[in-house]
1. Of all the residues that make up the stretch 1-40, how many are open to solvent by less than 100 Å² (accessible area, probe 1.4 Å), touching a strand residue (DSSP E or B) at 6+ places or on another chain (Cβ under 9 Å) and under 14 Å from F68 (Cα atoms)?
2. So, in the stretch 54-68, of the ones that are open to solvent by 50 Å² or more (accessible area, probe 1.4 Å) and of a type outside the set (G, A, S), which residue ends up nearest to L14 (Cα to Cα)?
3. Cβ contacts < 9 Å: first residue under 17 Å from R59 (Cβ atoms), restricted to the stretch 20-35; second residue open to solvent by 30 Å² or more (accessible area, probe 1.4 Å) and not hydrophobic (A, V, I, L, M, F, W, C), any location; separation 6+ or different chain. Result?
4. Criterion first (touching a Cys at 6+ places or on another chain (Cβ under 6 Å), open to solvent by 70 Å² or more (accessible area, probe 1.4 Å) and among the hydrophobic types (A, V, I, L, M, F, W, C)) does W90 satisfy it?
5. Of the residues L72, L14, only one is touching a helix residue (DSSP H, G or I) at 6+ places or on another chain (Cβ under 8 Å) and touching a residue at least 60 places away in the same chain (Cβ under 8 Å); which?
6. In the stretch 35-65, which residue that is in contact with a Leu (Cβ under 8 Å, 6 or more places away or on another chain) and among the β-branched types (V, I, T) is modelled with the lowest pLDDT?
7. Hey, can you tell me all the residues within the stretch 69-87 that are open to solvent by less than 70 Å² (accessible area, probe 1.4 Å) and not aliphatic (A, V, I, L, M)?
8. For G19, which of the numbered conditions (1) part of a helix (DSSP H, G or I); (2) out of contact with any Cys (no Cβ under 7 Å at 6 or more places or on another chain) fails to hold?
Amino acid sequence: SVPNGVPRWSARQLMSLLGYANWETFWKAINKAIGTCSTIGADVQEHFKQTTIDENGTRLQDYALSKFACYLVTMNGDTKKPAVARAQAWLA
């Protein structure tokens, strides 16, 4: 989506693209990425907007990620996952 002209991507969609099967495992990469964002002094709320999605009548936690947040999550992902390793190599 593009609220206020700033493109955003769903963390849950990124999770699937990077080969994660469940949110709890993917959350580790998101949490590390949020820590990195905070450490460098970037605005965490700007890059990681908390949101929810409806999946079959169930409300699930999600994040609307900036391009930078997608980069940080990917770079903090599990390199044992082929999709994460390929994405990291592409980003490098």
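The values are calculated or read from the model by the stated rules, or taken from the named source; none is laboratory data. Just so it is clear, the model here is predicted, and its values are computed rather than measured. Cβ coordinates were reconstructed from backbone atoms using ideal geometry, including for glycine residues, and neighbour counts include every protein chain displayed. Note: accessible area is taken over every heavy atom of the protein model, side chains too, but ligands, DNA and RNA are not part of it. Shrake-Rupley method; radii C 1.70, N 1.55, O 1.52, S 1.80 Å.
1. Counting residues in the stretch 1-40 that are open to solvent by less than 100 Å² (accessible area, probe 1.4 Å), touching a strand residue (DSSP E or B) at 6+ places or on another chain (Cβ under 9 Å) and under 14 Å from F68 (Cα atoms) gives 8.
2. First, the residues of the stretch 54-68 that are open to solvent by 50 Å² or more (accessible area, probe 1.4 Å): 54-59, 61, 67-68.
Then keep just the ones that are of a type outside the set (G, A, S); that gives 54-56, 58-59, 61, 67-68.
Details: D54: 16, E55: 16, N56: 19, T58: 19, R59: 18, Q61: 14, K67: 11, F68: 13 Å.
Per the criteria, the residue is K67.
3. W23/R12; W23/Q61; W27/Q61
4. Numbers: touching a Cys at 6+ places or on another chain (Cβ under 6 Å): no; open to solvent by 70 Å² or more (accessible area, probe 1.4 Å): yes; among the hydrophobic types (A, V, I, L, M, F, W, C): yes.
It is false that W90 is touching a Cys at 6+ places or on another chain (Cβ under 6 Å), open to solvent by 70 Å² or more (accessible area, probe 1.4 Å) and among the hydrophobic types (A, V, I, L, M, F, W, C).
5. Checking each option against the conditions leaves just L14.
6. Among them, the one singled out is I53.
7. Correct list: C70, T74, N76, G77, D78, K81.
8. With respect to (1) part of a helix (DSSP H, G or I); (2) out of contact with any Cys (no Cβ under 7 Å at 6 or more places or on another chain), G19 is out only on (1).
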